[in-house]
1. Give the whole-number value, in cubic angstrom per residue, of the convex hull volume spanned by the C-alpha atoms of the chain.
2. Please give the helix 2-14 orientation as an angle from the longest Cα principal axis of the chain, in degrees from 0 to 90, rounded to the nearest 10.
3. Stretched out fully, how many nm does the piece from Asp154 to Phe37 gain, at 0.36 nm a residue minus the Cα gap?
4. What dipole magnitude, in Debye to the nearest 20, does the chain give about its Cα centre under +1 on Lys/Arg Cβ and -1 on Asp/Glu Cβ?
5. D for the stretch 69-178, whole µm²/s, Stokes-Einstein with Kirkwood Rh over alpha-carbon pairs at 25 °C and 0.890 mPa s: what number?
6. Can you give me the % of accessible surface on the stretch 82-140 that is carbon or sulfur? Probe 1.4 Å, all protein chains present, nothing else counted.
7. Work from the charge dipole of the chain (Cβ charges, +1 for Lys and Arg, -1 for Asp and Glu, about the Cα centre) and give the residue of Pro158, Leu176, Val63 farthest towards its positive end.
8. Once label points are set 7 Å from the Cα along Cα→Cβ at both Leu176 and Asp14, what is their separation, rounded to one decimal in nm?
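The values are calculated or read from the model by the stated rules, or taken from the named source; none is laboratory data. No experiment lies behind these values; they were computed from the predicted model shown. We place every Cβ from the backbone using ideal geometry, glycine too, and count neighbours over all the protein chains shown. Keep in mind that these areas ignore ligands, DNA and RNA; they rest on the heavy atoms of the full protein, side chains included. Shrake-Rupley method; radii C 1.70, N 1.55, O 1.52, S 1.80 Å.
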Amino acid sequence: LSSLAAEIESAILDRRRIYFYGCGATGRLAKQMESSFWRPFWAKIKSEASLWTKLRDRLGAAVEDGLIGEMTGADRALISSLEGFEDLQLIGRLQLADRGVKRGDVVIAVTEGGETSSVIGTVLAALDQWKSAPGYDPLLSRKNLYFVYNNPDDRLRPFARSRSVLDEPGITKINLATGPQAITGS
């Protein structure tokens, strides 16, 4: 987590974007992070003229646009069920492209279970951007690509889609396994 925090700080200072992507509950949290925390925080900072004057040149006038919170199915999924979208890696790939996320941006793909196809598609699409550049180095892409999940790796290894991320050296995995849930659901 400390490397992720350092990379988020670096992205803010370098005016790169931070892209949080999830499906269902994790997607709603990603969208809330942008709309309820990130944008209001920067609006407040900008309203304090003496503070904003000190930061503006370093952070850029559009710092509030630096974080994108996205969920599988985008805004429509907030009001209407989009059955099957979570089962398609293509959806995550398309949404990453639609948002203009590019090599060098920080991509944080969050899935409660560790096997949600659309979330896996997002982080693999970002990895493909890194791999397509000359001189690909997995140590560099690991600083920008994160896969956050809550199941033990041994539970996920039977699924090829999960293994495609778990075995990939160019993606940093953050396993926050919490054990069985007292009540089912995420």
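1. 136 Å³
2. Helix 2-14 sits at roughly 40 degrees to that axis.
3. On the way: separation 117, 0.36 × 117 = 42.12 nm, distance 3.46 nm.
Between Asp154 and Phe37, full extension yields 38.7 nm more.
4. Approximately 460 debye in magnitude.
5. Once the numbers are plugged in, D ends up at 174 µm²/s.
6. Numbers: 1520 of 2660 Å².
That share works out to 57 percent.
7. Projecting each Cα onto the dipole axis, the largest value belongs to Val63.
8. It is 2.4 nm.
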